[in-house]
Amino acid sequence: IESARPTAGSPIAHDTPPARRAVEPSNTESILHRYFAERFGPHEPVYFIYGADDPVAKLQFSLKYRLLEFDKHADRPPRKTLQFGYTQRSLWDINGTSSPFYDTSYIPELFFESIAAPVEDAPGFYHGLGLQTGFLHESNGRDGLDSRSLNLLFVRPFFLLGSTERWHAIVAPELFLYVGAMDDNPRLKDYRGYGRLRCALGYGDGPSLTILGYCGKDFDHPSMQLDCSIPLRFAPLDFKTFLLIQYFNGYGESLLDYEKHSQTIRAGMALVR
């Protein structure tokens, strides 16, 4: 940009500083943002926790990617999208020789998602509704006698009760149907059943308690997971995270040993809850 120069008769006898303008993002940066960065979002919780019972460590990584948006130019929600989700959950024998992973579940999903805006029913009380429905595959990536895999068609409605800025609850029942062969884990339905229920209670962005429960096909294999999360902030580093305490009692924490009952408590850090 050339410097602006004084015209004839101007009292200023020297050049003015060059004008400034915002630097426009390159076409490559714009494409990466539009089709890559802005399409990722959180899915299931992301955490690393550690306990006293073998396998002592448990870690989970999860995200979703927006493939399509059906109402991009709509004036208001619900927002309807086609999402690809991926979750990886591992039980890690970190104290063992060579610190092997005991079992890992790889869980890709393809689902339709609709999220409505919260509606105020009474002064200060809100309700909201969302829905996910689609296809899920889960396997532990092994072969032979240790191979475990399943395919599901699922529907997950979820309801928000209360204001997200104050006390609120999220209730998310899930129903699913097994599809395809299950020769490597024929009794999995007996332990996981055909649905589960997740409920979360929290206050704003503060402490939160989540309960996940399922009870098997004949309601004779109850399982429960409690997640208590407390926000933590490291102001000097501008870093926010959560202290996570997780209690599990039931069947199927490991896909490899879905018929084995286990009870354990672990604690650690969560990036997404």
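The values are calculated or read from the model by the stated rules, or taken from the named source; none is laboratory data. No experiment lies behind these values; they were computed from the predicted model shown. Because the Cβ atoms are built from the backbone with ideal geometry, glycine has one as well, and the counts that use them run over all protein chains shown. Areas reflect the complete protein model, heavy atoms only, side chains present, ligands, DNA and RNA absent. Shrake-Rupley method; radii C 1.70, N 1.55, O 1.52, S 1.80 Å.
Residue by residue through region 162-193, note down the ones that are part of a strand (DSSP E or B) and either β-branched (V, I, T) or open to solvent by less than 50 Å² (accessible area, probe 1.4 Å) (or both). Matches in region 162-193: G162, H168, A169, I170, V171, A172, P173, E174, F176, Y178, V179.
When only residues in region 194-209 that are open to solvent by 40 Å² or more (accessible area, probe 1.4 Å) and in a strand (DSSP E or B) count, which is farthest from F242 (Cα to Cα)?
As a first pass, look at region 194-209 and keep what is open to solvent by 40 Å² or more (accessible area, probe 1.4 Å): 194, 196-199, 201, 203, 205, 207, 209.
Next cut, in a strand (DSSP E or B) only: 196-199, 201, 203, 209.
Values: R196: 25, L197: 23, R198: 19, C199: 19, L201: 15, Y203: 14, L209: 12 Å.
For region 194-209, the residue satisfying everything is R196.
Could you tell me whether any residue of region 210-225 is among the hydrophobic types (A, V, I, L, M, F, W, C), crowded, with 17+ Cβ neighbours inside 10 Å and touching a residue at least 40 places away in the same chain (Cβ under 8 Å)?
Start the filter on region 210-225 by keeping residues that are among the hydrophobic types (A, V, I, L, M, F, W, C), which leaves 211-212, 215, 219, 224.
Filter once more, keeping what is crowded, with 17+ Cβ neighbours inside 10 Å: 212, 215.
Filter again for touching a residue at least 40 places away in the same chain (Cβ under 8 Å), leaving none.
Scanning region 210-225, I find no residue that is among the hydrophobic types (A, V, I, L, M, F, W, C), crowded, with 17+ Cβ neighbours inside 10 Å and touching a residue at least 40 places away in the same chain (Cβ under 8 Å), so the answer is no.
Whether any residue in region 246-264 is open to solvent by 30 Å² or more (accessible area, probe 1.4 Å), among the hydrophobic types (A, V, I, L, M, F, W, C) and assigned to a strand (DSSP E or B) is what I want to check. Within region 246-264 (the criterion being open to solvent by 30 Å² or more (accessible area, probe 1.4 Å), among the hydrophobic types (A, V, I, L, M, F, W, C) and assigned to a strand (DSSP E or B)), the answer is no, since none of the residues qualifies. Taking region 146-160 as the range and being in contact with an Asp or Glu (Cβ under 8 Å, 6 or more places away or on another chain) and open to solvent by 50 Å² or more (accessible area, probe 1.4 Å) as the test, only V155 passes.
Please enumerate the residues belonging to region 19-41 that are surrounded by 12 or more Cβ atoms within 10 Å (Cβ to Cβ) and either at pLDDT 95 or above or assigned to a helix (DSSP H, G or I) (or both). If you could, list the steps in order and put the result at the bottom.
Start the filter on region 19-41 by keeping residues that are surrounded by 12 or more Cβ atoms within 10 Å (Cβ to Cβ), which leaves 32-33, 39, 41.
Across region 19-41, the qualifying residues are L32, H33, R39.
Report whether or not A270 is small (G, A, S) and surrounded by 14 or more Cβ atoms within 10 Å (Cβ to Cβ).
Working: small (G, A, S): yes; surrounded by 14 or more Cβ atoms within 10 Å (Cβ to Cβ): yes.
So A270 passes the test.
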